[in-house]
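Notes to accompany the following structure.
The values are calculated or read from the model by the stated rules, or taken from the named source; none is laboratory data. If you're wondering where the values come from, they're calculated on a predicted model, not measured in any experiment. Using ideal geometry, Cβ is built from the backbone for each residue, glycine included, and neighbour counts are taken over all protein chains shown.
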Amino acid sequence: RDYLHYIRKYNRFEKRHKNMSVHLSPCFRDVQIGDIVTVGECRPLSKTVRFNVLKVTKAAGTKKQFQKF
C-alpha cells in the first residue's frame, strides 16, 4: 500500500510503502497469508533483501501448535 509523506524542509511529498523484501528460510515452509512474522535485520542478501524471518505466529482462528523458539 503506497502513501505520500510530506517533507516540510523541501515543501514536497515523497512516496512510501509498507511492503518489505524479506528472506524466508526453508525451515519456515508452512507460512500462510495472514500469519504474523517477526523479522530481523541482516547483511544484504540481494539488491532489495536486508531482512530475515525470525519467528512465525499463526493467524487467529487456526489450530494451535506448540513450538520451541
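Scanning the range 34-69 for residues that are hydrophobic (A, V, I, L, M, F, W, C) and modelled with pLDDT under 85, we see that the one that is surrounded by the fewest Cβ atoms within 10 Å (Cβ to Cβ) is 66.
Might you let me know whether the range 18-30 holds any residue that is on the phi > 0 side of the Ramachandran plot and either of a type in the set (S, T, N, Q) or at pLDDT below 95 (or both)? For the range 18-30, residues on the phi > 0 side of the Ramachandran plot and either of a type in the set (S, T, N, Q) or at pLDDT below 95 (or both): absent. Candidates in the range 1-37 are the residues that are among the hydroxyl-bearing types (Ser, Thr, Tyr) and part of a loop (DSSP other than H, G, I, E, B); of these, the one that is farthest from residue 50 (Cα to Cα) is 10.
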